[in-house]
Amino acid sequence: MTLRPVAEIASIGTAVPAQVVTNEDLSRTLDTSDAWIVERTGIRERRIARPDESLASLCVTAAHKAMDRAEVGPEELDAIVLATVSPDRRMPGTACDVQALLGANNAAAFDISAACPGFIYGLGIAEGLIAAGTSRTVLVLGGEKLSCITDWQDRSTAVLFGDGAGAAIVRPAKADGRGILSTFLKTDGRLAPLLWIPGGGSLEPMSEKVLHDRSYLMQMKGREVFKAAVLAMAEATDEALRRACVSADQIDLFVPHQANLRIIEATAKHAGIPMDKVMVNLEKYGNTSAASIPIALEQALDEGRIGKGSLLLFVAFGAGFTWGSAVVRW
């Protein structure tokens, strides 16, 4: 069976802050070490935004790169979908700031909160808008300023996260078989307390108690999250391949969410994909949540690991719990 895709990723662009925080930097303030972090996560450093760098500014930089590569002007954008759990403010959505900064006056703009699989969720939404005929050119963004919602006193989370943004121009697919062949999205909200920010929202607004117990910052039960992630990533891998009617041995490059090296290795082993066909860069960037797949994808393109017609597999898992996957013919 040959699938005819509805939409294709026309280009990718990313932005990462210049400021680097190494494991050695963290060991000066936390009870940890480079060896402890690398053994458990595979992460050696992460990029952290300066106070004057906003999520919107990172997204705009990434968007300009993607738009220039696709030769798309701001007036051509019909929609802007920004996946993030670290917006610049609670209202309005950061996508509205991005729309204004780009001068994309014809674009509807909105945020989605799907955590680490957010970029894949955004691709699914863009594909739907194009299939419905309401949009022809969609800017999909996955961006995070996680340094602002990370508890830098908590060793279990402070070592994991970084900042960054990725952008993709999604357009109707041509008749050459290239494009998004499948997407798979799933959620289990019953597991939300394993990785969440319990305070600071409308359920438990900011108060002296919330500030004191630091519940306005990320909290995670690492072992439980690890187990759930391995199972969910395996399911997402199988389902994306099944829906695309392709086998794992046909995949040219596996581009997973960059959260933990052991999770990536377990997922690749489950699928039967050798590690030399897996894109891994978390040692340099850490977990950038919704930005991690586009950041890894652009690096793979720069390194020549992806060419016209390459078959790619994206898989991600994150807070919610949410997980998702996609098979793309580049």
Worksheet item: Any idea which of (1) surrounded by fewer than 20 Cβ atoms within 10 Å (Cβ to Cβ); (2) under 14 Å from the mean Cα position of the chain (by Cα); (3) among the hydrophobic types (A, V, I, L, M, F, W, C) is the one residue 123 doesn't satisfy?
Response: (1)
Item to complete: Give 134, 150, 187, 183 a once-over and let me know the one that is in contact with a Lys or Arg (Cβ under 9 Å, 6 or more places away or on another chain) and of a type in the set (Ser, Thr, Tyr).
Response: 183
Item to complete: From the list 49, 63, pick out the single residue that is under 21 Å from the mean Cα position of the chain (by Cα), assigned to a helix (DSSP H, G or I), crowded, with 17+ Cβ neighbours inside 10 Å and touching a residue at least 40 places away in the same chain (Cβ under 8 Å).
Response: 63
Response to the item:
Residue count, the stretch 66-91, condition in contact (Cβ under 8 Å) with a residue 12 or more places away in the chain and not in a strand (DSSP E or B), comes to 16
Worksheet, complete the sentence: Taking the stretch 122-150 and keeping only residues that are in contact with a helix residue (DSSP H, G or I) (Cβ under 8 Å, 6 or more places away or on another chain) and of a type in the set (A, V, I, L, M), one is left with 138, 139, 140, 141, 146
Practice prompt. Of all residues in the stretch 122-163, count the ones that are within 30 Å of residue 219 (Cα to Cα) and not charged (D, E, K, R).
Written response: 22
Worksheet, complete the sentence: Of 78, 34, the only residue that is more than 15 Å from residue 141 (Cβ to Cβ) and surrounded by fewer than 22 Cβ atoms within 10 Å (Cβ to Cβ) is 34
Worksheet item: Looking at (1) outside any helix (DSSP H, G or I); (2) over 30 Å from residue 225 (Cα atoms); (3) touching a strand residue (DSSP E or B) at 6+ places or on another chain (Cβ under 6 Å), can you tell me which one residue 14 breaks?
Response: (2)
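If you take the residues of the stretch 165-211 that are outside any loop (DSSP other than H, G, I, E, B) and among the β-branched types (Val, Ile, Thr), which of them is surrounded by the most Cβ atoms within 10 Å (Cβ to Cβ)? Quick ask: steps written out before the conclusion?
Filtering the stretch 165-211 down to residues outside any loop (DSSP other than H, G, I, E, B) leaves 165-172, 179-187, 189-196, 208-211.
Pick out the ones that are also among the β-branched types (Val, Ile, Thr) and you get 169-170, 180, 183, 187, 210.
Working: 169: 25, 170: 30, 180: 25, 183: 23, 187: 15, 210: 17.
Selected residue: 170.
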Practice prompt. Show the residue pairs that are 6+ apart or on different chains and have beta-carbon atoms under 6 Å apart, the first residue being within the stretch 12-37 and without any contact (Cβ under 8 Å) to a residue 40 or more places away in the chain and farther than 17 Å from residue 51 by Cβ, the second being exposed (fewer than 15 other Cβ atoms within 10 Å of the Cβ) and polar (S, T, N, Q).
Written response: 27/33
Worksheet item: If you take the residues of the stretch 172-190 that are polar (S, T, N, Q) and under 17 Å from residue 126 (Cα atoms), which of them is farthest from the chain's Cα centre (by Cα)?
Response: 182
Item to complete: Mind listing just one residue for me: the one in the stretch 126-135 that is within 15 Å of residue 81 (Cβ to Cβ) and out of contact with any strand residue (DSSP E or B) (no Cβ under 6 Å at 6 or more places or on another chain) and, of those, surrounded by the fewest Cβ atoms within 10 Å (Cβ to Cβ)?
Response: 132
Worksheet entry | Only one of 318, 304 that is buried (at least 22 other Cβ atoms within 10 Å of the Cβ), modelled with pLDDT of 95 or more and not assigned by TED's automatic domain parsing to the domain that holds residue 47 | 318
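The values are calculated or read from the model by the stated rules, or taken from the named source; none is laboratory data. Since the structure is predicted, the reported quantities are computational estimates derived from the model, not experimental observations. Quick reminder, even Gly has a Cβ in these numbers, built from the backbone with ideal geometry, and neighbours come from all protein chains shown.
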